[in-house]
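Here the structure is laid out as structure tokens; the discussion comes afterwards.
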Amino acid sequence: MTVEETQVAEVVVVPREEAEKVVCENEKVGEGDDKVKEVEAAESKPKTVEKSSSYKEESNYLSDLKEFEKKALSELKSKLEEAILGNNIFKKEEPKKEEKKVAEEVVKTEEVEKTEEEVKTQEEEEEEKEEKPQEVFDKKAEEVAGENEKEAEEGEEVKKSEDGCEVVDKDISLWGVPLFPGKGFEGTDVVLLKFLRAREFKVNEAFEMLKKTLQWRKESKIDSILDEDVCADLSSAAYLNGVDREGHPVCYNIFGVFDNEELYQKTFGNEEKRGQFLRWRLQLMEKSVQKLDLRPGGVTSLLQINDLKNSPGPVKKELRIATKQAVGLLQDNYPELVAKNIFINVPFWYYALNALLSPFLTQRTKSKFVVARPTKVTETLLKYIPAQEIPAQYGGFKRDNDNEFSAEDGAVSELILTAGSTGTIQIDAAEQVGSTILWDLTVLGWEVNYKEEFVPIDEGSYTIIVQKKKKMGSNEGPIRNTFRSNEPGKVVLTIENKSSKKKRVLYRYKAKKCSTF
């Protein structure tokens, strides 16, 4: 027996009217009679929770692409390489406009000075004529020297251009991935495919989108955004937490924090503050991208969870504007980096907001939206995220700073309770004397009766009530409890489903040896 060991439970499911009798008969001896064994044979055994639906990223392997996709990728790479070699990725700066403006000012000044000279007396003009040849010579000499110096500088620049050292920048990258196809980096195709898919493999449109993104990043200084300290008060508004069933990092966006008027005004009170909010949201996106593996076969996108519980909603103009701007920036400059966008605790006003934003979203983006009403939050999240990775506030088993359960403690199991039936989960503690039994349990939708007992093997011992029978409402969160076993027996968790609907019970448990001194 190891210090920490996950046990295998015995699960019994019987009709409600027979449940009390069965449990009572088994309390002393800890054994099931023939009738219970027959029920066990008829019912499904406890099983590991499996994902209800699967969503996989589109393949980034060249061999898996369709012919027209391969052709589009090849064309985009050629256009990109040509643009980089020709130094045509970024917009050219136009200093000539400034130079022209300065020249015009010089001409105006000279004209004014000329007018002033004309009104001078004849004697002054004669004196100037005598001195002018030398002055003109000196002035001309200075001009020639300046021109020669300028030509020398320009010649040096031309030389550098001919050497190809400074003009052609082959180190252009995006999200840490080199874009110059000639480098042969394995992630280049992955990044380019994101832009192609965002534009339905229309090469010219994908190329223009890529150029605009690179230009925007340069002008907005996005590559240094991670070093900035912006909106520290918004750490609870959005954060990364765990991974989904496919390994995608999960980002939670909690709109309810903006129901606080003080925080709302501090975040959206004026245009400058809204700009800082957008900067903060882009910073979080950059942090998220750092967790991706932008290579063929790697996890190359995120899962977004948007919690609308207590959100101020569309009545708040500033929030509506900022949200629209954020959606636009993310869609235009981070294509195909979100696998799914799940909206939970969705109120009725969401549909009005969705109608408002819908014209600005591509069909591909909208196809990734999943909507869940408050009563379906846990059920919806379980389709994409394992229970042990879902935060407790959403019906899962993940708790902040949890030192009790770890990834090595095994998967979560599931028990199905039909309408009008009672199920018991029996955790064997016969060989765990002196150990602490620890368990997590939740019922989707709850609305059941629940109790916890320790049933000793010794007939002379009494059953211990760990948690007396209690009616659990629909808003109950996951249960975590413990029991220290001082004698052989079993912990029995009983769930009575009185409703007319089938119930899903999720649970996990372990035995932990107590330290001895």
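Quick rundown of the values:
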| item | result |
| --- | --- |
| Burial ordering of Thr362, Thr380, fewest other beta-carbon atoms within 10 Å first | Thr362, Thr380 |
| Student exercise, segment 233-372 dipole from Lys, Arg, Asp, Glu Cβ charges, in Debye to nearest 20 | 280 debye |
| Cα pair distances exceeding 17 angstrom across segment 398-513, given as percent | 56 percent |
| Which listed pairs, of Lys287/Lys502; Lys316/Lys376; Lys383/Lys498; Lys70/Lys221; Lys398/Lys502; Lys211/Lys383, have C-alpha distances above 30 Å, in listed order | Lys287/Lys502; Lys70/Lys221; Lys211/Lys383 |
| Size of charge dipole - segment 365-517 - debye, nearest 20, with Cβ of Lys, Arg +1 and Asp, Glu -1, no other charges | 920 debye |
| Overall form of segment 271-318 per C-alpha gyration tensor (a/c, 1.5; a/b vs b/c) | oblate |
| Gap separating the Cα centres of segment 178-211 and segment 321-335, nearest whole Å | 20 Å |
| Ranking of Lys512, Lys502 by count of other Cβ atoms within 10 Å, fewest first | Lys502, Lys512 |
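Only the coordinates and a few stated rules stand behind these numbers; no lab work does. Because the structure is predicted, anything quoted here is derived from the model rather than measured. For neighbour counting, all protein chains shown are included, and Cβ atoms are generated from backbone atoms with ideal geometry for every residue, glycine included.
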